[in-house]
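To start, the structure itself, in structure tokens.
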Amino acid sequence: MNDLIAKLKDGNEAAFKEVMAMYKKPIYNYLSLLLGDRQIAEELTQDTFVKVYFKAHTLKSDHPQACKAWIYSIATNLARSEFRKNRLKKIFSLSEMHGRQASYTPQFEGELVFKQLLAMVPEKWRVPLIMREIHNFSFEEISSMLNKPIGTVKSLVFRGRENLKKQYLEPKGAPHV
């Protein structure tokens, strides 16, 4: 794998295609969950790999985890730019999500409810929460990708979890059904 990354850094097109085959679907799923819009997620996935292709020589390590973290950092930064540009006019409400096709077919209704509630968590907490809980990155990896101290990342993930719980529970404490 280290050889593959070294070849990617040297501009080898076959290595790029192999890296893209490995990460395209996970990056798309990550962006789709983060943004709540499959079309924008597809566009940003393509943009991510354009940047990977042209910036691979700047990758500092040949280690596979460093490459993975770097690719997710690119995707995260593109998503943040998307938020800043306000192309997403508002976070989808549950009523707006009704009737929209999910980016994946839920195994059970609870998964779809989870995705809808997650879309309501503010972006500053949603990004690290998804990285930690959905993509199983360590706090250290998230810290590196977001360029934030580990303590801050832990706090953001905690606050994201708390906000998700708050979204799930009605004001009186009864769960949505």
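The values are calculated or read from the model by the stated rules, or taken from the named source; none is laboratory data. Model, not experiment: these values are computed from the prediction. Positions of Cβ are backbone-derived with ideal geometry, glycine not excepted, and every protein chain shown enters the neighbour counts.
Taking each residue of region 124-148 that is without any contact (Cβ under 8 Å) to a residue 12 or more places away in the chain and looking for partners that are assigned to a helix (DSSP H, G or I) and crowded, with 22+ Cβ neighbours inside 10 Å with beta-carbon atoms closer than 7 Å, six or more apart or interchain, yields Ser143/Val153.
Restricting region 9-32 to residues that are of a type in the set (Gly, Ala, Ser), over 18 Å from His135 (Cα atoms) and without any contact (Cβ under 8 Å) to a residue 24 or more places away in the chain, the residue that is surrounded by the fewest Cβ atoms within 10 Å (Cβ to Cβ) is Ala14.
Across region 33-46, the number of residues qualifying as under 17 Å from Met131 (Cβ atoms) and at pLDDT below 90 comes to 4. Count of region 55-82 residues, restricted to those that are surrounded by fewer than 13 Cβ atoms within 10 Å (Cβ to Cβ) and not β-branched (Val, Ile, Thr), is 4.
Can you tell me which of Glu170, Glu133, Glu140 is acidic (Asp, Glu) and at pLDDT 90 or above?
Working: Glu170 fails: at pLDDT 90 or above; Glu133 fails: at pLDDT 90 or above.
Criteria check complete, one pass: Glu140.
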